[in-house]
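First the structure, in the form of structure tokens, and then the observations on it.
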Amino acid sequence: MDKIDIPELHRIWEVEMGILDVIDKVCRENGLKYSLAYGSMIGAVRHGGFIPWDDDMDIWMLRKDYDKFIEIWENNPVDGYFLLRQETSPEYPQNFTKIRKCNTAFVSAGEENTNYHHGIFVDVFPMDDVANDNFKAKLQGYCALFYMLYCRGYASTRDGKLMYWGGRLLLDVMPNTLKKKLKSFFFKRMTKYNGADSKRVACFVTAPDSFIYYDKELFYEYDDVKFDTHVYMCNKDSDTLLRSYYGDYMKLPPIEERVLKHHPVIVDFEKEYWAK
């Protein structure tokens, strides 16, 4: 299974559940709502825990709870854990937050020369309101793509040739001061419908996700669900959410697709990793 054997993968799971236990405690003590998301939601529903070939945990929060969570954490940091976000760790290229365990390392391929915290982690994704008008929603999605581009600071080939070369051009010709202004501009455009009468939300963290919309009412009710021996929050109607994203999520993927998605090249349970 890639570069991780089964016992090591199970140790990673234990650390990740320990991280989510901490997140869960902070949320419950402060009246915040979150939900297992993506593969972690599938894992809870289909496997009662981790998907056997998964190597991370994902949760999402509506933006208001997401922002409040960050504020609470940074005012009262939890000892032994690190909140990673670009605003305080500029080399980190993502537009969402990770909570990472100190004195551990989980370094994916391509991250070996980067200098930000690389502890074993749980991903925390914000959910933003989407315009009710479909044309405006499309524009909002493209603003999200530009925001991602300026967060990353590089163009990704995974977004297609047009986006790659367009991204290269926008990054190469823009001075750094203008890049910062454009990043702020696109963030404001991406989040402009929060607090309005929007009936939909989206998770603007990848190009495809920026054009997948969920009924906002599905984020009003949550259940406690069993995940291995732990209990976490989950959107009450997880079936509708999962079907809208994955289709028949109860059907197992082909064997060749049952692989780790983060391709870790360095895993350590006792010390942190920093590029030399």
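Specify which of the listed residues (LEU139, LEU145, LEU178) is among the hydrophobic types (A, V, I, L, M, F, W, C) and touching a residue at least 60 places away in the same chain (Cβ under 8 Å). First the steps, then the outcome.
On the way: LEU139 fails: touching a residue at least 60 places away in the same chain (Cβ under 8 Å); LEU178 fails: touching a residue at least 60 places away in the same chain (Cβ under 8 Å).
Unique residue meeting the criteria: LEU145.
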If the requirement is being modelled with pLDDT of 80 or more and over 17 Å from ARG63 (Cα atoms), which of these qualifies: ARG158, ARG152, ARG168?
ARG152
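Do we find that GLU256 is assigned to a helix (DSSP H, G or I), closer than 30 Å to ALA137 by Cα and over 20 Å from the mean Cα position of the chain (by Cα) in this structure? Steps first, please.
On the way: assigned to a helix (DSSP H, G or I): yes; closer than 30 Å to ALA137 by Cα: no; over 20 Å from the mean Cα position of the chain (by Cα): yes.
The answer is no for GLU256.
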For the range 52-84, give me each residue that is surrounded by fewer than 18 Cβ atoms within 10 Å (Cβ to Cβ), touching a residue at least 12 places away in the same chain (Cβ under 8 Å) and in a loop (DSSP other than H, G, I, E, B).
PRO52, TRP53, VAL78, GLY80
For ALA44, all conditions in the list (1) under 16 Å from the mean Cα position of the chain (by Cα); (2) within 16 Å of ASN235 (Cα to Cα) hold save one; what is the number of the exception?
(1)
Please work out which residue is farthest from GLY43 (Cα to Cα), limiting yourself to the range 237-253 and to residues that are in a loop (DSSP other than H, G, I, E, B) and touching a residue at least 12 places away in the same chain (Cβ under 8 Å).
ASP237
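Conditions (1) more than 22 Å from the chain's Cα centre (by Cα); (2) over 18 Å from ARG63 (Cβ atoms); (3) small (Gly, Ala, Ser); (4) at pLDDT 90 or above, marked per residue:
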{"position": "PRO90", "(1), (2), (3), (4)": "no, yes, no, yes"}
{"position": "LYS101", "(1), (2), (3), (4)": "no, yes, no, yes"}
{"position": "PHE106", "(1), (2), (3), (4)": "no, yes, no, yes"}
{"position": "MET127", "(1), (2), (3), (4)": "no, no, no, yes"}
{"position": "ASP133", "(1), (2), (3), (4)": "yes, yes, no, yes"}
{"position": "GLN140", "(1), (2), (3), (4)": "no, no, no, yes"}
{"position": "ALA144", "(1), (2), (3), (4)": "no, no, yes, yes"}
{"position": "PRO175", "(1), (2), (3), (4)": "yes, yes, no, no"}
Matching residues in the range 98-151 - criterion: being under 22 Å from VAL265 (Cβ atoms), buried (at least 16 other Cβ atoms within 10 Å of the Cβ) and either among the charged types (D, E, K, R) or not assigned by TED's automatic domain parsing to the domain that holds LEU260 (or both)
LYS98, ARG100, LYS101, GLU111, ASP123
Looking only at the range 212-219, decide whether some residue is in contact with a helix residue (DSSP H, G or I) (Cβ under 8 Å, 6 or more places away or on another chain), over 22 Å from TRP13 (Cα atoms), without any contact (Cβ under 8 Å) to a residue 60 or more places away in the chain and assigned to a strand (DSSP E or B).
yes
For the range 92-99, does any single residue satisfy the condition of being within 21 Å of ASP21 (Cα to Cα), polar (S, T, N, Q) and at pLDDT 95 or above?
yes
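The values are calculated or read from the model by the stated rules, or taken from the named source; none is laboratory data. Predicted model only: the values in this text are computed from it and were never measured. FYI the Cβ positions are ideal-geometry reconstructions off the backbone, even for glycines, and counts take in every protein chain you see.
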